[in-house]
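The structure appears below as structure tokens.
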Amino acid sequence: MVTLTIDDKQVSVEKDATIYDAAKAAGVNIPILCHDKKLKPFGACRMCLVEVEQMKGRLIPACTTPVTEGMIVRSSTPPVEKARKLVLELLMLNHPLDCPVCDKGGDCELQNLAYDHKVNSNRLADEKFHHEIDYNNPLIERDQNRCVLCGKCVRICDEIVARGALTFISRGIETTIGTEFDGPLSCEFCGSCISVCPVGALLARPFKFKSRFWAMTKKKSVCGYCGTGCNVTLGVKDNKVLTTVYDENQGFHNGQLCVRGRFGYQFISSDKRLKTPLIRKNDQLVEAGWDEALALVAERLKGAGSAAAALATPRMTNEELVLLKQLMTQQVGSQNIDHSAGYGHAAVSEGLGKSLGVAASSATILDIQKSDLILAIKTDVYETHPVVGFEINMAVKNKGIKLQIISDKRGKLSRLPGANLLLNKPGSDVALLNAVAKVLLDENLAVTPATPELAAALNDFTPEKVAELTGVAADAIRDLARAYAAAEKAIILFTSGLAYPGADAQLAHAAANLAILGGKLGKEGSGILALQEKNNSQGALDVGFVPGQGGLDAQQILAGCSAGSIKTLLIAGENPVVSYPAQAQVKKALDAVEFLVVADLFLTETAQMADVVLPVCSYAEKAGTFTATDRRVQKISAAIPAVGQSKPEFQVYGELISLLGGQPAATQAEAFAQIAAYAGISYAELGEGGAFAAVKLQPVQVVPKVVTVAVDAGKFALLTGAALYHCGTMSLYGEGTVSVCGEAYVEISRNDAAKMNISEGAEVKLTSSTGTVSVKARISPRMSEGVAFAPYHFAEASINTVWSGAAVTGVTISK
Amino acid sequence: MAEAIKILICQGTGGISAGAKKVEAEFNRIIAEKGLTATVGKRCDVVKTGCRGLCANDVLVDIVDDKGCTTYDFVQPEEVAKLVDEHIIAGEPLEKRKAKPYYNKFVDAQQRIVMSGCGQIDAESIDAYLATDGFKAIKKCITEMKPAEVTEEVKKSGLRGRGGGGFPTGLKWSFCAASPGHHKYIICNADEGDPGAFMDRSILEGDPYCLIEGMMIAGYAIGAQFGYVYVRAEYPLAIQRLQKAIDTCYEKGYLGNDCMGLGFEYNMRIKMGAGAFVCGEETALMASIEGERGMPRPRPPFPAVKGLWQNPSNINNVETFANVRHIINNGSAWYAAIGTETTKGTKIFAVTGKVKHTGLVEVPAGMKVRDVIYEVCGGILNNRKFKAVQAGGPSGGCISAELLDTPVDYDSLIKAGAMMGSGGLVVMDETTCMVDISKFFLTFTRMESCGKCVPCRIGLKAMLDILIRITEGNGRAGDIETLIDLGTTIKQASLCGLGQTAPNPVLSTIRYFRDEYEAHINDKRCPSNSCKELLLWQVVEDKCVKCGACKKACPVDAIVWEKGEIAYLDKEKCTKCKSCYDACRFMAIE
């Protein structure tokens, strides 16, 4: 600790603190413009200048200068005030004073500083800037006229997002923030740049002229897209969510969001939201009242027993899942409940469930930056969980944490400094992990001895053998094993979910074996972290929304519908027609089932086939808890009233339970208390940031089954996954995300494109044994020859017409 | 065999621009053609040397024979045959073509230590360097001295950084040496950007090995194994010669993992800059080496602790490193005996402007400004009246006539309101308008501001706007006060040395020549008749001596003059090019 004096107040701070940090601790306000606690010191704006007794004759920037023992700081002397005032006068010289029409008005740091320092006149005069405003993309407006060149956008894009889409160009007064070759913004549209812009130089276009900042109420919530568990603040006016508002103190991620979190909010107040229940009459879905609809559903469910089934989306709150589970298992008497198409959660439910003794990750997102080595397996975390990607980026770039990657395609991760990529043939991941485990054993690097079964099973996986199978050099496998073993703390990451059939229980077993043998479990900054797809994927497992004793899983339920053994199917929030593989079979099943109930926000492709459609609420309209992928349980509350006549599912299933003579939990707290996995967490006491549910590990070495996938010669190995801009199918109802990524595509390598003479954006035909689909081609440097990648979100030209749920699908691609 | 006849041809950038290559080719051709060696009975060697400082009088050729050294200036290729015939073959130096006495005065008034090799030895020959005790100092360091002793020797010598700030070099080295870390860097700042200053370039072009040796000594003293030379890409010849020198050092084992077989590891390479003045600032320079945009970074952390790629780094400029071998070879006491109490050794100045002999001069610290201008450089051009000298380039300030006796050392110059800087001296005479000159420097710094911090980026532009207004006759009451106010605050508030010094030319000209500012603002008059917008474009009849020089100079026949008549300026025809003003030695155009 270092003790210093600021404005006659003594304060003790950590020795790497800056004068600004110390002043904050002492309760002294020092104005800043270019400083951001998340970013490296920059020192450009000179607003934070102070006088330091020991450094006389100069003004010292508080935000970049480290404290020293006995320092005497004065934060507001006449020379300091004079300098600050001059800085503001200078900034206002060319800055257009168009505050009345600037979206930043009322939330503008320049405005506030000018006000605080009473800069109401200017001795100087100059022309205002005349830079052209950049409207070249649908989401981010760049108005260089308002820019104060604090560089925060440039720095956040480099230091946290690792995209580097913005940079300073030109010199002196001509300096501006530019893009690559001054072209349109080529980026991920996460909007981090907007979030840190202190003025109106970077604005969210979808929010333009929607509301003055102060006219909105700011409601805190948890993002309803992926499993990261980011906290968001929603800007609400007239009962509509108009924007997301940046709060640098929010969440482990300090308010940073991805494109979905920041721009994907529009689905909430979308015009396409269902306003009333719908009942199929004369083969037409017609509007109906809740009483009629619920009565109809209750009647169908009553006594249905195992002829009824429910498929839920892991976007529902834990409490809603508790009630739906109760409805099905207790009132209806069916154990046929599942989510995420069944296989989507297998890596965690079955894989980690067996290997770790608990269906959850051993590590949290916070462990990433505390690790010594990150082993990312088959994960495009920047696309599936972008904010986790930021954590990895900061870990690697700021802390020098090593990054090892096993993947069947390159990606943003493999471009990080020092990243080591083992590029394997699609479908060979488990064999590769086994080979790594084999090296651990052979070179006596294992901390925990292998069971005889595992040791015997691994005998087939010598690096040389596996090298042939995977296309990864044997030495690279050995080096990876050695690096993993040498790291005191190592964290394994993989992605699981609907689009990742390859991330199955076997992969989880193989990964868990590494952690067990390597002795990486049970310590901070180390272990396994499964990055699950949806905002409450982990919650659905913790609630146990999986087939009960003798119950059918999702695939069996659909088969049962086709076969006629399932007569009533309740689909809560899932959109199997688009998101489940093998579309033809899904459609056949939903056509065949006698009675289909769909609860959703929208009239989805699945809802259109329903007999009863129940309009339910988005996360912005309801209360409850979500459990992030690392078992962080967080509470949400309603930011706006329910849209139209929609109801929170908590209420819908509660009413159905009552109609069937049961007793639903009266409150969310009551339902929450029923979740055994959350014993020890009090619903009432859950505050901002939530609480981590305990994970008790009982590691077991499970021998993974290795299925080798071979694609016929001449065919492409088609991989499925998520696009950065989308999560499931819900983001397709957010105009923001759709505006930057609105249609299906397939990524192929440059060489393949050249061979087949396919140009960027050309329409190509994908044909598999199950069908054909036409999509746009994207030529991508990250793909290897013979490998193709397609995201699964899109209803039109849906990839599930050619994809039947295999980890790797053989397809032909033609023009 | 008798001593060879040497023909030294100045081939720095200045010499080559003046045609030195053609002169050299001509000498070689004639020597071969005439079989000169046989004819004279001595070897005749043409040696291309570096710059000797008097580029304005290039091509300079020295013929060194048993009669000593004879210097010819302004040599043209056509004259070579005659020089060979008469001087070399007939042994009769061409008296008429010899450089006039000014040359000896220029040379003799100097004390050349750093530039001792420049202009004397073949810059591209390691053997020539070795013949001047080359690499003796580094060998002495490695074999006879501990690293700390080397630093101590440099400390005792009193050497201070020649890049501008004048920080004691030995002390700087000791900081970096004391920093924990295995990877340390020696960086040479050869991003010489001050307008008119070219001493670093001349050293690189004329004696590149002495820089390499200096950096090696620093590397040994500090414990660094790698050196970067950051040279601006606008110095192609310097880069070419330095690269050749580095390559040769690698070939001959002077650089590498085991330098000279003495177990000392030292590698180095050149990093070319893209010509940003701000990259002379050490943190910006390091950012540039790292491949980032050349923008200064806040200090602390200081480079000695966290510099290049976050490793301890020591950065000095070319001239500083070039001093080092002489200190080691001759001892710190010898070095400390030169110069003044606070400034030891010599300093190279680039004297430009309204002075008779512009060029590079190396003088012992403490010489009076007056002597540099009048003794070494021959005084003011056209014998006009001295007005001021701008010392320290765009970061420095001006020294007025009253302070001409200021000694050139770090502290005296600062006391006079200027600074040593990298050693630029811009001499101004009565035709120079001080408002205009500060406008000139501010135009430069405003262009070169990296744009990072607000005071420098916008503040300099605001100051320049006011200066432009003043020189255009639109000055307002209060402008001077605003300039002082802005300038003072910009100095205090800016991030790096550029902004912290950029207002100096304005502030110092206001300090010494406030009346000129007031004349511009209040009387809309430029006392030096230099600001075009304020000129009356007429002949001052009582000053006109009827010489007609203005008429000869006028490109558009706007001057009416007959022999013995007072000239008349036809404003209709005049294009305001100022040729007549410049041509008139009697200040008769206003």
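The values are calculated or read from the model by the stated rules, or taken from the named source; none is laboratory data. The structure presented is a predicted model; accordingly, all values stated were derived computationally and were not measured. No Cβ is skipped: glycine too gets one built from the backbone with ideal geometry, and neighbour counts run over all protein chains shown. Only protein heavy atoms, including side chains, enter the accessible area calculation; ligands, DNA and RNA are left aside. Shrake-Rupley method; radii C 1.70, N 1.55, O 1.52, S 1.80 Å.
When the Cα centres of segment B:20-40 and segment A:537-551 are compared, how far apart do they sit, in Å?
Here the two parts' Cα centres lie 97 Å apart.
Past the 23 Å Cα-Cα mark, which pairs from A:Lys370/A:Lys465; A:Lys399/A:Lys523; B:Lys271/B:Lys439?
Too far apart for the 23 Å limit: A:Lys370/A:Lys465; B:Lys271/B:Lys439.
Using +1 at the Cβ of each Lys and Arg and -1 at the Cβ of each Asp and Glu in the protein assembly as shown, identify which of B:Ile186, A:Pro791, A:Leu257 lies farthest towards the dipole's positive end.
Towards the positive end, the residue furthest out is B:Ile186.
Along each principal axis of its Cα atoms, how long is chain B end to end? Whole angstroms, biggest number first, please.
76, 67, 40
By the gyration tensor of its Cα atoms, with a ≥ b ≥ c the square roots of the eigenvalues, what is the shape of segment B:133-337: rounded for a/c under 1.5, prolate for a/b over b/c, or oblate?
Rounded is the answer for segment B:133-337, as its axis ratio a/c remains below 1.5.
Could you grab the relative contact order for chain A? Cα pairs under 8 Å, six or more apart, rounded to a whole percent.
Answer for chain A is 13 percent.
Going by accessible area, probe 1.4 Å, with all protein chains left in place, what is the ranking of A:Lys647, B:Lys155, largest first?
Of A:Lys647, B:Lys155, the descending order of accessible area is B:Lys155, A:Lys647.
Considering only DSSP states other than H, G, I, E and B, which GluC sites (Glu not before Pro) in segment B:455-541 qualify as loop sites with at most 15 other Cβ atoms within 10 Å?
B:Glu472, B:Glu541
Hey, which aspartates and glutamates would be in cross-link range of B:Lys387, C-alpha to C-alpha under 19 Å, not counting anything within fewer than 8 residues on its own chain?
B:Asp371, B:Glu375, B:Glu402, B:Asp405, B:Asp429, B:Glu430, B:Asp436, B:Asp515, B:Glu516, B:Glu518, B:Asp582, B:Glu590
Can you compute the FRET efficiency between A:Gln549 and A:Asp479 using 1/(1 + (r/R0)^6), with r the Cβ-Cβ distance and R0 = 60 Å? Round to the nearest 0.05.
0.80
Taking a threshold of 19 Å on the Cα-Cα distance, which of the pairs B:Lys146/B:Lys172; A:Lys152/B:Lys452; A:Lys715/A:Lys755; A:Lys128/B:Lys461; A:Lys152/A:Lys534; A:Lys40/A:Lys82 fall above it?
Long pairs (Cα-Cα over 19 Å): A:Lys152/A:Lys534; A:Lys40/A:Lys82.
Using a simple spin-label model with points 7 Å from Cα along the Cα→Cβ vector, what separation in nm is obtained for A:Arg750 and B:Asp515?
7.0
Applying the Karplus parametrisation 6.51 cos²θ - 1.76 cosθ + 1.60 with θ = phi - 60° to the phi angles of segment A:341-355, what ³J(HN,Hα) value in whole Hz is obtained for each residue in order, glycine and proline being reported as x?
Once rounded to whole Hz, the list reads 6, x, 5, x, 10, 4, 4, 8, 5, 8, x, 5, x, 7, 5.
Could you work out what % of the accessible surface of segment A:591-680 is carbon and sulfur, using a 1.4 angstrom probe and leaving DNA, RNA and ligands out of the count?
Accessible surface attributable to carbon and sulfur in segment A:591-680 totals 49 percent.
Does a label point 7 Å from the Cα of B:Thr443, set along Cα-to-beta-carbon, have any residues of segment B:367-398 with amide nitrogen under 17 Å, and which are they?
Backbone N within reach: B:394-395.
5 Å is the cut-off here: which amide hydrogens, built 1.01 Å from N in the peptide plane, fall below it relative to A:Gly527, excluding neighbours closer than 5 in sequence?
Residues meeting the amide H criterion: A:Ala490, A:Ile491, A:Ile492.
So what is Rg over Rh here for segment A:30-86, counting just Cα atoms and using Kirkwood for Rh?
Taking Rg over the Kirkwood Rh, I get 0.95.
Under a Cβ-Cβ cut-off of 13 Å, what is the net charge of the residues other than A:Gln674 that fall near it, where Lys and Arg count +1 and Asp and Glu count -1?
-3
Please work out how much accessible surface B:Thr340 shows to a 1.4 Å probe, ignoring ligands, DNA and RNA, in Å² rounded to 10.
30
What's the FRET efficiency of B:Phe302 with B:His182 using the Cβ-Cβ distance as r and R₀ = 25 Å, to the nearest 0.05?
E between B:Phe302 and B:His182, to the nearest 0.05, is 0.85.
Once amide H atoms are built 1.01 Å from N in the peptide plane, which residues 5 or more positions from B:Asn317, or in another chain, come under 5 Å H to H?
Those lying under 5 Å, H to H, from B:Asn317 are B:Arg162, B:Gly163, B:Asn189.
Suppose a student asked you for the relative contact order of chain B, using Cα pairs under 8 Å spaced at least 6 residues apart; what percent would you report?
That works out to 11 percent.
As a check on your grasp of the helix formula, calculate [θ] at 222 nm for chain A: sum -39500 (n - 2.57) over DSSP H runs of n ≥ 4, divide by the residue count, round to the nearest 500.
About -7000 deg cm²/dmol.
Heavy atoms only, 1.4 Å probe, whole protein assembly: order A:Ser731, A:Ser121 by accessible area, highest first.
My answer, sorted largest first, is A:Ser121, A:Ser731.
Arrange the residues A:Val396, B:Val560 by how much accessible surface each exposes, largest first, with a 1.4 angstrom probe.
Of A:Val396, B:Val560, the descending order of accessible area is B:Val560, A:Val396.
For A:Asn757 and A:Lys210, calculate 0.36 nm times their separation in residues minus their Cα-Cα distance, and state this gained length in nm to one decimal.
Taking A:Asn757 through A:Lys210 to full extension adds about 192.4 nm, to one decimal.
Do you know the relative contact order of segment A:716-814, to the nearest whole percent, from alpha carbon pairs under 8 angstrom that are 6+ apart?
42
Add +1 for every Lys or Arg and -1 for every Asp or Glu among the other residues with Cβ under 11 Å from the Cβ of A:Val332, and state the total.
Counting the neighbours of A:Val332, the net charge comes to +3.
Could you give me the ³J(HN,Hα) list for segment B:366-381, computed from phi with Karplus coefficients 6.51, -1.76, 1.60 and θ = phi - 60°, whole Hz, x at Gly and Pro?
These are the phi-based 3J(HN,Hα) values: x, 4, 6, 4, 4, 5, 4, 6, 8, 7, 7, 9, x, x, 7, 4 Hz.
Quick one: if the Förster radius is 56 Å, what FRET efficiency do B:Asn383 and B:Glu290 give, using the C-beta to C-beta distance and rounding to 0.05?
Computed FRET efficiency for B:Asn383 and B:Glu290: 0.60.
Place +1 on the Cβ of every Lys and Arg and -1 on the Cβ of every Asp and Glu in segment B:427-568, take the dipole about the Cα centre, and give the residue among B:Leu498, B:Ile559, B:Asn529 whose Cα lies farthest towards its positive end.
The residue sitting farthest along the positive end of the dipole is B:Leu498.
Under the rule of at least 5 residues apart or a separate chain, name every residue whose amide H is placed under 5 Å from the amide H of A:Phe602.
HN-HN under 5 Å from A:Phe602: A:Leu274.
For segment B:434-523, with equal point scatterers placed on the C-alpha atoms only and solvent neglected, what are the log10 I(q)/I(0) values from the Debye formula at q = 0.15, 0.18, 0.23, 0.26 1/Å, to two decimals?
Taking Cα atoms of segment B:434-523 as identical point scatterers yields -0.47, -0.67, -1.07, -1.32.
So how far apart, in nm, are the two label points at B:Leu536 and A:Ala795 if each is 7 Å from Cα heading toward Cβ?
8.6
Can you find, among A:Ala201, A:Thr801, A:Ile268, the residue sitting farthest towards the positive end of the charge dipole of chain A, where Lys and Arg contribute +1 and Asp and Glu -1 at Cβ?
Comparing the listed Cα positions along the dipole, A:Ala201 ranks first.
Could you order peptides A:351-360, A:129-138, A:765-774 by the average number of other Cβ atoms within 10 Å of their residues, highest first?
A:351-360, A:765-774, A:129-138
I'd like the mean, over residues of A:35-46, of how many other protein chain beta carbons sit within 10 Å of each residue's own Cβ.
Mean shielding by partner chains, rounded to a whole number: 4.
With a bin width of 20 angstrom, please list the P(r) values of chain A as percents of all Cα-Cα pairs, from the 0 bin to the one holding the largest distance.
All Cα pairs considered, the percentages come to 15, 45, 32, 7, 0.
Skip the ligands, DNA and RNA, and give the accessible area per residue of chain A with a 1.4 Å probe, whole Å².
Roughly 36 Å² per residue, with all protein chains present.
Can you pull out the GluC sites (Glu not before Pro) in segment B:26-123 that DSSP calls coil and that have at most 13 other Cβ atoms within 10 Å?
none
In nanometres, what is the gap between the two model label sites at B:Arg43 and A:Ser306, each 7 Å from Cα along Cα-to-Cβ?
10.8
Quantify how much of the Cα-Cα distance distribution of segment B:346-429 extends past 16 Å, in percent.
Every Cα pair in segment B:346-429 considered, those over 16 Å come to 39 percent.
Using alpha carbons only, how many angstrom separate the centre of segment A:716-783 from the centre of segment A:58-84?
About 55 Å separates the Cα centre of segment A:716-783 from the one of segment A:58-84.
Normalized C-alpha radius of gyration of the protein assembly as shown, against 2.2 N^0.38 Å?
Rounded to two decimals, the normalised Rg is 1.14.
How big is the equivalent ellipsoid of segment A:140-237 along its three axes, where each semi-axis is √(5λ) from the Cα gyration tensor, reported in whole Å from largest to smallest?
Result for segment A:140-237: semi-axes of 26, 17, 11 Å.
Please give the charge dipole size of segment A:87-211, origin at the Cα centre, charges +1 on K and R Cβ atoms and -1 on D and E Cβ atoms. Round to the nearest 20 debye.
240
Would you mind checking A:Lys409/A:Lys588; B:Lys34/B:Lys67; B:Lys22/B:Lys551; B:Lys491/B:Lys524 for any pair whose Cα atoms are more than 31 angstrom apart?
Long pairs (Cα-Cα over 31 Å): A:Lys409/A:Lys588; B:Lys22/B:Lys551.
So, in Å, what gap is there between the alpha-carbon centers of segment A:248-303 and segment A:601-680?
If we compute the Cα centre of each part, the gap is 10 Å.
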